[in-house]
Amino acid sequence: MESVFSTSKRKLLLEVAWEVCNQVGGIYTVIRSKVPAMVEKWDDNYVALGPYFPQKAAAEFEPIVDSDETEIGQTVSKMRQMGYRVEYGYWLITGRPRVVLFDIYSMPVGQLNEIKGRLWRDHKLPTLNVEDLVNQTIIFGDMVRQFMTILAENHARRVDFVAHFHEWMASTGLPDLRKDNVRIATIFTTHATMLGRYLAQNEAGFYGKLPFFDWLREAQHYGIETQATIERLAALQAHVFTTVSDVTARECEVFLGRNPDLVLPNGLNVTRFAATHEFQNLHVRYKDKIHEFIMGHFFQSYSFDLDKTLYFFTSGRFEFSNKGYDLTLEALARLNYRMKQEEMDMTVVMFLVTRQPYTSINPDVLHSRALLDEIHETCENIEKQVGERLFLAAASQNDTKIPDLNSFIDEYWRLRLRRTIQSWKTKTLPPFVTHNLVQEDDMTRFIRQANLVNNEADRVKIVYHPDFIASTNPLFGLDYSQFVRGCHLGVFPSYYEPWGYTPLECVVRGIPTVTSDQSGFGDFIMQIMRDYENRGIYVVNRRTNSFNEAADELADMLYRFVRLSQRDRIQQRNRVENIAEIFDWHSLRSYYDTAHDLALKRRK
């Protein structure tokens, strides 16, 4: 009998994620940034599948209105005939792929319990009293399962289908696809294990204890048994199981019961400038915008030389120890002490950018910024007045002496400038947090405890900004990528970080960065290059170092960076930008190609 799989058959790739047209977190960046490279290879044989949330989809989804007789179009029609609301169209991002979005609210009310009953009967998946998000993912997973089953029943003779599932939220239907032997090759990628994230921040010495955890007991303890079981089932049932780094692969064996077949590192779209100096110019332009913020924030209390000031930043979700915020602050306190001891004339401003509940921007911070803008405006008016009168005097006088410029300023402008400066200046210390937080958190407690409270004598200043940075933000007037370009160094010494997009975002913008050997990105860097520090990537040893040793190592790295000459820093930015293309999706897509080919082989 002739095999239904033959080499001449067309291949079609379905990529399934909860974050297709639905930005929630990091997976959105992975999928969205990878699309152009996938479409380049697969062309019209690439389709993304996600949930349909009208509010979120409105900005980035365009429906296909005409009847579409492709395999996907026909299957969408069949699903609609069954009474489901399925949206079909284009994702309006670079690459413009076709997308199928499933409206989970179009599933009849009683059906959820039927699905849960089946999942318990066939896979022992417990789903009682779960949170609403889990119910949503169960419905989504089942709609995806039905879609793929219909697609394969009608078209698998002519087309080889590959379905790539990202994370547990997209994968509740995967075990049934395998049980029913649906003719689709499946891949499951975990970007971070559920248990790893919980345990790393709650269990001291997490990595040392890793081999001894009982996954089920821990999942029940943290109230995530359903999510952890879905993740485990998907890992065990997929033809090919992958993760994003060797760091996370170590957890998979313990928590998911299977070693990953492959590691698929994450990339970004890397836009290289034709002229090398172009990205250096952007650094200078955005650094000037940060200067404006710094003057408004600090100079009302005291001033320092902006030409001898370095901007460091860290960002990411608020996981105080997982993301290494505790280590960063401890190292900064040690750096501050050392710089003061040596009476260095440099200043470091550290921006801590992470979302936390707040009531409003601190009114004093806004007021100070507004008064600085008024001083600026007054100075421009004086400059204009002096300029016009100086020109007139220079053209009409007989001698070549420069006249007294003070005499050219009206009394009105002198008074206005004096009053504005008087009302601006203050004896209070510049606040170290820009917003009024709903409550004290680990960050503010640590800052106070380390006494990094922006004393005038401190060489390290702190600006904790508990919100995203966006161009609509009245404090900076920059979007996040512009802000990154304006800084000198990104600091991300994570303790638990399956991949780590934040240091990668620095690299592709030509900004040196600190990472750790416990982050997937840092681990990958150590595997592919030797002289990474020379190229502006600093890797803190958190695998074998104690917290105290790691803090010392990080403080040394920051100290060496502060001691670099401006010329050395420019060279380092050039070298960092030069390695960016290693992380372009067009280079990293081959890892995905291997996974898809392996899944097809195993399916046969």
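Results for (1) out of contact with any Cys (no Cβ under 7 Å at 6 or more places or on another chain); (2) of a type outside the set (D, E, K, R); (3) over 25 Å from G196 (Cα atoms), shown as yes or no for each residue.
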position	(1), (2), (3)
C506	yes, yes, yes
Q518	yes, yes, no
M526	yes, yes, no
E533	yes, no, yes
A555	yes, yes, yes
R569	yes, no, yes
D584	yes, no, yes
Apart from one, (1) in the same structural domain as G205 (by TED's automatic domain parsing); (2) touching a residue at least 40 places away in the same chain (Cβ under 8 Å); (3) out of contact with any Leu (no Cβ under 9 Å at 6 or more places or on another chain) all hold for D597; the odd one out is (2)
With the condition kept exactly as written, say whether any residue in segment 207-221 is in contact (Cβ under 8 Å) with a residue 12 or more places away in the chain, among the aromatic types (F, W, Y), crowded, with 22+ Cβ neighbours inside 10 Å and assigned by TED's automatic domain parsing to the domain that holds L101. no
Check your understanding: Does any residue of segment 451-463 turn out to be outside any helix (DSSP H, G or I), surrounded by 23 or more Cβ atoms within 10 Å (Cβ to Cβ) and under 24 Å from the mean Cα position of the chain (by Cα)?
Key -> yes
Selection from segment 96-134 of residues among the aromatic types (F, W, Y) and more than 32 Å from the chain's Cα centre (by Cα) yields W120
Reported set for segment 219-257 where residues are under 17 Å from G520 (Cβ atoms), acidic (D, E) and in contact with a helix residue (DSSP H, G or I) (Cβ under 8 Å, 6 or more places away or on another chain) is D246, E251
Original post:
Is it fair to say M344 is more than 28 Å from the chain's Cα centre (by Cα), at pLDDT 95 or above and not in a helix (DSSP H, G or I)?
Top reply: yes
Considering residues that are crowded, with 20+ Cβ neighbours inside 10 Å and small (G, A, S), the number found within segment 16-25 is 1
Given the conditions (1) among the polar types (S, T, N, Q); (2) farther than 18 Å from R369 by Cβ; (3) crowded, with 17+ Cβ neighbours inside 10 Å, every one holds for Q300 apart from (2)
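Among residues belonging to segment 318-339 that are among the small types (G, A, S) and part of a helix (DSSP H, G or I), point out the one that is nearest to A450 (Cα to Cα).
A333
Looking only at segment 527-546, which residues are under 25 Å from E251 (Cα atoms) and surrounded by 15 or more Cβ atoms within 10 Å (Cβ to Cβ)?
Passing the criteria: Y538, V539, V540, N541, R542, N545.
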When restricted to T420, T444, T428, the only residue assigned to a helix (DSSP H, G or I) and over 14 Å from L352 (Cβ atoms) is T420
When segment 114-168 is checked residue by residue, the ones that are hydroxyl-bearing (S, T, Y) and out of contact with any Pro (no Cβ under 9 Å at 6 or more places or on another chain) are T127, T149
In segment 260-308, residues that are in contact (Cβ under 8 Å) with a residue 12 or more places away in the chain, over 30 Å from A595 (Cβ atoms) and part of a loop (DSSP other than H, G, I, E, B) total 7
Exercise for the section: Determine if segment 170-178 includes at least one residue that is crowded, with 17+ Cβ neighbours inside 10 Å, closer than 22 Å to W42 by Cα, among the hydroxyl-bearing types (S, T, Y) and at pLDDT 95 or above. Expected result: no
Among V162, V144, V134, V130, the single one that is modelled with pLDDT under 95, in contact with a helix residue (DSSP H, G or I) (Cβ under 8 Å, 6 or more places away or on another chain) and within 19 Å of L233 (Cα to Cα) is V130
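A quick yes/no check of all residues on (1) at pLDDT 95 or above; (2) part of a loop (DSSP other than H, G, I, E, B); (3) under 26 Å from the mean Cα position of the chain (by Cα); (4) under 30 Å from R575 (Cα atoms):
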| position | (1), (2), (3), (4) |
| --- | --- |
| Y207 | no, no, yes, no |
| L236 | yes, no, no, no |
| F241 | yes, no, yes, no |
| V247 | no, no, yes, yes |
| C252 | yes, no, yes, no |
| R258 | yes, yes, no, no |
If you go through M557, M529, the only one that is within 20 Å of A450 (Cβ to Cβ) and among the aliphatic types (A, V, I, L, M) is M557
Contact list, first residue from segment 11-25 and under 22 Å from Q55 (Cα atoms), second anywhere and among the acidic types (D, E) and outside any strand (DSSP E or B), beta-carbon distance below 6 Å, six or more apart or interchain, is C21/E60
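The values are calculated or read from the model by the stated rules, or taken from the named source; none is laboratory data. Owing to the predicted nature of the structure, the values given are computational and were not obtained by experimental measurement. Cβ atoms come from the backbone with ideal geometry, glycine included; neighbour counts cover every protein chain shown.
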